[in-house]
Each structure stands twice: as C-alpha cells, then as structure tokens.
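Quick notes on the structure that follows.
Quick note: the coordinates plus some simple rules give every number you see, no bench work behind them. Owing to the predicted nature of the structure, the values given are computational and were not obtained by experimental measurement. All Cβ positions, even for glycine, are placed from backbone atoms using ideal geometry, and neighbour counts span all protein chains on display.
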Amino acid sequence: MQTKLDDIYARLYARFGPQHWWPHSDGNFEIIVGAILTQNTAWTNVEKAMANLRRARLLTPDALNHVTEKKLASLIRPSGYFNLKAKRLKAFARFLFDKHHGKLAHLFKQDTVRLREELLAVYGIGPETADSIILYAAHQPIFVVDAYTRRIFARLVLARDDVTYDAMQRLFMDNLEHDESMFNEYHALIVALGKNICKKTEPKCGECPLVEVCETGKENGTRKNPSS
C-alpha cells in the first residue's frame with residue numbers, strides 16, 4: 001500500500017506541481033476561520049466572506065471574540081449557513097480565550113492527540129475541520145480527508161464508497177511517513193484532481209494522471225480497503 005500511495009503522490013505532483021496551501025492565507029488565525037467557513041460551501045464563497053472580515057478588521061482572536069454574533073453573521077453571509085457558522089466562529093473564539101488565553105501558540109504547543117481532542121470538543125468542529133486546523137495552522141502531521149479523497153480512492157478501488165473518515169485517514173497515516181509538508185501537499189493535490197478532473201459527475205478520465213492506477217485496480221478486482 002505504501003508503494004501505491006507513493007506512486008499516486010508522484011503522479012499527482014508531476015501533473016499539478018506544488019499547490020502552496022493553505023490558499024490565500026495571511027496567518028494561522030485566518031486559516032482557522034477559513035476552515036470553519038468552508039464547511040458545505042465552495043472556496044470562492046469563503047473568499048468573499050473572508051474579504052468582508054478583513055475589511056472589518058475581525059480576523060484576530062480578540063476582535064472575533066468581541067464582535068456580536070449578528071454582525072458576524074451579516075459579514076460572512078456569502079459563505080452560506082451564515083448564522084450557524086457565526087455561532088461556530090464565536091464558539092471557537094470563546095474556547096481559545098477560556099482555555100488558552102486567546103493565544104494560538106498556547107493551543108498549538110500541545111501534542112497532536114490532545115490538540116485534536118480539544119478541537120473536536122468545540123461546537124461545530126468535526127474531524128475534517130479539526131484536522132485542517134492541525135495540519136495547516138498548527139503545522140502538525142495529520143492527514144485531512146475530504147469528499148474528494150473518498151471519491152478518488154473509491155474509484156481507484158483502494159477504499160469502499162462508504163468508508164468512514166477514520167478508516168480513510170488510517171489508510172494514509174499507517175502507510176506514509178508522518179511528514180507535515182508531504183501531508184499538506186498530498187491533500188492539496190487530491191483536491192486539485194477532484195475539482196478539475198475526477199469530478200462527481202462526468203469525470204474527465206482521459207485527462208487523469210491516475211487512469212493507469214484506476215484501471216489496474218479494476219482489473220485486479222480486489223479491494224484492499226480500510227475497515228469501517
């Protein structure tokens with residue numbers, strides 16, 4: 001499995017090159033806000049909301065902690081589900097001040113396991129959002145799984161269509177060196193493939209750098225899947 005994952009990474013990197021993620025970020029706190037806002041929406045919508053927050057000077061822990069939820073919701077409206085996301089952003093800000101004196105450095109000095117436990121306990125933060133914060137803002141090695149990952153690896157016959165988040169994550173964590181920069185690039189490359197080629201409907205298989213891997217998996221007819 002390690003050989004297959006390494007081969008997939010090499011093919012994706014050769015096709016798309018370095019992705020320079022997190023996209024359009026001016027700091028770790030912006031990454032956290034973006035990770036929460038991007039839930040159930042496209043990044044183009046998040047960029048509009050982030051621009052509003054930037055103009056309002058609200059992209060700091062202190063400013064976010066003091067702004068009213070109503071004002072915050074109005075500013076992040078372009079991201080969709082704006083009332084719910086305003087509650088989630090406020091919940092994160094309260095958590096940061098209640099447990100870590102409003103300091104990301106204090107939060108991020110914890111080991112990955114403890115950091116993940118704390119983030120998952122915050123209202124509105126699930127595994128994908130927590131892991132995005134850990135990888136891209138805290139710069140700790142953890143693999144982020146998203147819908148693109150599940151779709152692509154199911155089509156490669158390396159995971160079931162209904163694979164759980166944790167099982168899909170273990171596929172990478174158990175078979176790759178725990179390197180933050182590589183996990184960063186690997187996830188970003190998967191997103192590039194999923195957005196541009198391996199689409200949910202009408203995938204452009206003729207343009208896919210993984211088409212040989214996909215065909216081999218189908219020919220073998222085997223599913224070396226993570227357990228659910």
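Cut-off is 10 Å between beta-carbons; in what order do Asp146, Asp161 appear when sorted fewest neighbours first? List each step's numbers first, then the result.
On the way: Asp146 17, Asp161 9.
Ordered by Cβ neighbours within 10 Å, fewest first: Asp161, Asp146.
Using Cα atoms only, what is the angle between the long axis of helix 211-220 and the major principal axis of the chain, expressed in degrees (0 to 90) to the nearest 10? The answer is roughly 60 degrees.
Pairs spanning more than 24 Å between alpha-carbon atoms, out of Lys70/Lys200; Lys48/Lys85; Lys71/Lys109: Lys70/Lys200; Lys71/Lys109. Compactness of region 28-137, taken as the C-alpha radius of gyration over 2.2 N^0.38 Å, stands at 0.97.
Residues Cys205, Cys214, ranked from the fewest to the most other C-beta atoms within 10 Å, line up as Cys205, Cys214.
Working from Cα pairs under 8 Å separated by at least six residues, relative contact order for the chain is 23 percent.
If neighbour count is taken as other Cβ atoms inside 10 Å, put Asp26, Asp131 in order from fewest to most.
Working: Asp26 10, Asp131 26.
Ordered by Cβ neighbours within 10 Å, fewest first: Asp26, Asp131.
Other residues lying with their Cβ under 14 Å from the Cβ of Gln39 contribute a combined charge of 0, Lys and Arg counting +1, Asp and Glu -1. Note: relative contact order over region 28-137, using C-alpha pairs below 8 Å and six or more positions apart, is 31 percent. Using only Cα atoms and rounding to the nearest 10 degrees, what angle (0 to 90) does helix 82-100 make with the longest principal axis of the chain? In the chain, helix 82-100 runs at an angle near 80 degrees to the longest axis.
Against the main long axis of the alpha-carbon atoms of the chain, helix 180-196 sits at an angle near 80°.
Among residues other than Thr164 with Cβ under 13 Å from its Cβ, the summed charge is -1 (Lys and Arg +1, Asp and Glu -1). The dipole here belongs to the chain: it is taken about the Cα centre, uses +1 on the Cβ of Lys and Arg and -1 on the Cβ of Asp and Glu, and is about 1040 debye.
Let me check I've understood the local charge: for Val145, count other residues with C-beta under 9 angstrom from its C-beta, Lys and Arg +1, Asp and Glu -1. What total comes out? Display every interim value, and only then the final one.
Working: positive: Arg150; negative: Glu128, Asp131, Asp146, Asp166.
It works out to a net charge of -3.
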